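**Student:** This is the structure I want to talk about, given as structure tokens.
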Amino acid sequence: MTTATTAFRTPSASSTTTTTTLHEPSSPPLLPSLTGLRWMAALLVFGLHVRNFGYFDGTGNRIATWAFGAGANGVSFFFVLSGFVLTWSTRPNDRALTFWRRRFARVFPVHLVTAALALLMACTLAHQSRPTVPEAVANVLLVHSWWHPWWQSLNPVSWSLACEAFFYAAFPLLALLLRRLGARGSALLAGASVLAVLALSWADTHHWLTQDMYSLPAARLPEFVLGAAVARLVLLDRWRGPALEASLALATVGYFLVPQVTPGYPATTCTIIGFALLVAAAAGADLHGLPSLWRHRRLVRLGELSFAFYMVHLLVLHAATNLLGTTPRFGVPMGLTATAVAFGVSLGLSWVLYEAVERPARRLLLRKRRGSRPRPARPAAAPRPATANHDTHDAQDSQAAEAD
């Protein structure tokens, strides 16, 4: 297995002595199973929102609640996955400004387009909530989740992007910390992150804090840190978790335990460990060539579209209320038909966003920096390793992380 250390350099970091000296490849191997898993998590969020919009009545509603009632925990999966992928794909000698520039290019184009679409819908369609100017500005700047009354303003699903923006701001320091901690320290940090989630859930359940924990970026940081610490252990070849099948079983059991706890942030406690195990196991399966359904090419392709799908699907459901009403309560056949149409429209729009906005905007915003970097010459006959370049690193980034 490839071993690497990852850290960010700041202007003063070059003179600092590190405690770990390991080989650092220019790019770690690709982990396509994580991209496939990202699509499945996005699908859970879509199912949750279909249930919330009342597409089903009676038996159909009970089945939808059983299958997707815990879909809000998809946000926890994406936060864990985000920490893992960003730590995994960090490049040697990366600087904080370079990292933030890539994150901006990855997130903001689709965010701005969907925010504009949400504002247009709010001004022209019925059944839409029109944000105030401060709410809209806070949403565009991705700071709205810090003030709970604004957390679902404009495009509601963008609340987790505000959490991700906070994670990005903290990540250079986190990466430097992980490098200095080594394997044992990273394991302790992972355990501390789980304990922090448990403590915050207890405080939220007992109303010790005036701010709701579910949408507060600082409260979601431990999930991101957990993913980063687990990635560090995998990079150091020190991860000793269960295999993919067992990890998936544990994550599934935790998912169906969610209805047994207080809704909201406390539900995170049911799945946080299972999700971390699943992400690490899927990465291990890719690294060691073990079987993995999640790296099927169609799932990987859908995973590439998942960020755009997530950002647009709730707008489609909101727009559909002008045709279907706010709570249509269909029987199973009609409910499935309406769901299939909403899914198809959302997927089609996500493809348009990905191909016409996300990819070209990212290339445009990063073009100058990429062009200024000389590429080392490669022997023509040498086999090319399956390593991640700029586009494939970004394709694995876990930005589609929302549920309400």
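The values are calculated or read from the model by the stated rules, or taken from the named source; none is laboratory data. Predicted model only: the values in this text are computed from it and were never measured. Counting neighbours? That spans all protein chains shown, and the Cβs are built from the backbone with ideal geometry, glycine included. Heads up: the accessible areas ignore ligands, DNA and RNA and are worked out on the full protein's heavy atoms, side chains in. Shrake-Rupley method; radii C 1.70, N 1.55, O 1.52, S 1.80 Å.
**Student:** Quickly run through the stretch 192-211 and pick out the residues that are in a helix (DSSP H, G or I), among the β-branched types (Val, Ile, Thr) and either over 19 Å from residue 230 (Cβ atoms) or open to solvent by 30 Å² or more (accessible area, probe 1.4 Å) (or both). Explain how you work it out, then say what you get.
**Tutor:** Here is the first cut: in the stretch 192-211, the residues in a helix (DSSP H, G or I) are 192-205.
Of the ones still in play, those that are also among the β-branched types (Val, Ile, Thr) are 194, 197, 205.
Result: 205, single match.
**Student:** May I pose another question? Six or more apart or on different chains, Cβ atoms under 6 Å: show the pairs whose first residue is in the stretch 86-99 and touching a residue at least 40 places away in the same chain (Cβ under 8 Å) and whose second is of a type in the set (Asp, Glu).
**Tutor:** That search, which allows pairs on different chains as well, returns 92/24.
**Student:** Quick one: is residue 72 over 23 Å from residue 169 (Cα atoms) and either modelled with pLDDT under 95 or crowded, with 18+ Cβ neighbours inside 10 Å (or both)?
**Tutor:** Details: over 23 Å from residue 169 (Cα atoms): yes; either modelled with pLDDT under 95 or crowded, with 18+ Cβ neighbours inside 10 Å (or both): yes.
Yes.
**Student:** Then there is this: Taking the stretch 278-323 as the region of interest, how many residues are open to solvent by 30 Å² or more (accessible area, probe 1.4 Å), without any contact (Cβ under 8 Å) to a residue 60 or more places away in the chain and assigned to a helix (DSSP H, G or I)?
**Tutor:** The total comes to 4.
**Student:** While we're on this one: Does any residue of the stretch 381-403 turn out to be more than 19 Å from residue 61 (Cα to Cα), at pLDDT below 95, open to solvent by 60 Å² or more (accessible area, probe 1.4 Å) and under 22 Å from the mean Cα position of the chain (by Cα)? Lay out the reasoning, then the answer.
**Tutor:** So the first thing to find is which residues in the stretch 381-403 are more than 19 Å from residue 61 (Cα to Cα), and the list is 381-402.
When the remaining residues are screened for being at pLDDT below 95, the result is 381-402.
After this cut, where a residue has to be open to solvent by 60 Å² or more (accessible area, probe 1.4 Å) as well, the list is 381, 383-386, 389.
Those left that are additionally under 22 Å from the mean Cα position of the chain (by Cα): 389.
Yes, that holds for at least one residue.
**Student:** Looking for something open to solvent by 30 Å² or more (accessible area, probe 1.4 Å), at positive phi and modelled with pLDDT under 95 - is there at least one such residue anywhere in the stretch 254-267? Before the answer, list the steps.
**Tutor:** Within the stretch 254-267, the first condition is being open to solvent by 30 Å² or more (accessible area, probe 1.4 Å), and the residues that meet it are 256-257, 259-264.
Still in the running and at positive phi: 264.
Those still in the list that are modelled with pLDDT under 95 too: 264.
So far as the stretch 254-267 goes, yes, one or more of its residues are open to solvent by 30 Å² or more (accessible area, probe 1.4 Å), at positive phi and modelled with pLDDT under 95.
**Student:** If a residue must be open to solvent by less than 80 Å² (accessible area, probe 1.4 Å) and farther than 13 Å from residue 58 by Cα, how many such residues does the stretch 328-340 contain? Spell out how you get there, then give the answer.
**Tutor:** From the stretch 328-340, those open to solvent by less than 80 Å² (accessible area, probe 1.4 Å) are 328, 330-332, 335, 337-340; that's our starting set.
Now drop any that are not farther than 13 Å from residue 58 by Cα, which leaves 337-340.
The number of residues fulfilling the criteria is 4.
**Student:** Give me the pairs: first residue in the stretch 205-228 and over 30 Å from residue 181 (Cβ atoms), second residue β-branched (Val, Ile, Thr) and not in a helix (DSSP H, G or I), beta-carbon distance under 8 Å, and six or more apart or on different chains, which are they?
**Tutor:** Listed pairs, sorted by first residue: 205/262.
**Student:** Suppose we keep only residues that are open to solvent by less than 10 Å² (accessible area, probe 1.4 Å) and of a type outside the set (A, V, I, L, M, F, W, C) within the stretch 104-114. Which one would you say is modelled with the lowest pLDDT?
**Tutor:** Residues of the stretch 104-114 that are open to solvent by less than 10 Å² (accessible area, probe 1.4 Å), as a first pass: 105-107, 110-111, 114.
With of a type outside the set (A, V, I, L, M, F, W, C) added as a condition, the list becomes 106, 111, 114.
Details: 106: 93, 111: 97, 114: 97.
Looking at residues that are open to solvent by less than 10 Å² (accessible area, probe 1.4 Å) and of a type outside the set (A, V, I, L, M, F, W, C), I get 106.
**Student:** For the stretch 117-143, name all the residues that are open to solvent by less than 60 Å² (accessible area, probe 1.4 Å) and either part of a helix (DSSP H, G or I) or at negative phi (or both).
**Tutor:** The first filter runs over the stretch 117-143 and keeps only residues open to solvent by less than 60 Å² (accessible area, probe 1.4 Å), leaving 118, 121-122, 126, 128, 131, 135-136, 138-140, 142.
Answer for the stretch 117-143, where residues must be open to solvent by less than 60 Å² (accessible area, probe 1.4 Å) and either part of a helix (DSSP H, G or I) or at negative phi (or both): 118, 121, 122, 126, 128, 131, 135, 136, 138, 139, 140.
**Student:** Also, I was wondering about something else. Just the residues that are open to solvent by 40 Å² or more (accessible area, probe 1.4 Å) and touching a Pro at 6+ places or on another chain (Cβ under 9 Å), please, taken from the stretch 144-180.
**Tutor:** Going residue by residue through the stretch 144-180, those that are open to solvent by 40 Å² or more (accessible area, probe 1.4 Å) are 146-152, 166, 169, 173, 176-177, 179-180.
Scanning the stretch 144-180 gives 146, 150, 166.
**Student:** Select from the stretch 199-217 the residues that are of a type in the set (A, V, I, L, M) and over 21 Å from the mean Cα position of the chain (by Cα) and write down the one among them that is farthest from residue 232 (Cα to Cα). Break it down into steps so the answer makes sense when it comes.
**Tutor:** Going residue by residue through the stretch 199-217, those that are of a type in the set (A, V, I, L, M) are 199-200, 203, 209, 213, 216.
Narrowing further to those that are over 21 Å from the mean Cα position of the chain (by Cα): 199, 203, 209.
Values: 199: 24, 203: 29, 209: 32 Å.
Among those residues, the one meeting the criterion is 209.
**Student:** Right, next: Among 219, 243, 249, which is open to solvent by 10 Å² or more (accessible area, probe 1.4 Å) and under 20 Å from residue 71 (Cβ atoms)?
**Tutor:** Values: 219 fails: open to solvent by 10 Å² or more (accessible area, probe 1.4 Å); 243 fails: under 20 Å from residue 71 (Cβ atoms).
Criteria check complete, one pass: 249.
**Student:** Let me ask something additional. Starting from residues that are surrounded by fewer than 17 Cβ atoms within 10 Å (Cβ to Cβ) and assigned to a helix (DSSP H, G or I), keep the ones in the stretch 55-64 and report whichever is farthest from the chain's Cα centre (by Cα).
**Tutor:** Among residues in the stretch 55-64 that are surrounded by fewer than 17 Cβ atoms within 10 Å (Cβ to Cβ) and assigned to a helix (DSSP H, G or I), the one farthest from the chain's Cα centre (by Cα) is 59.
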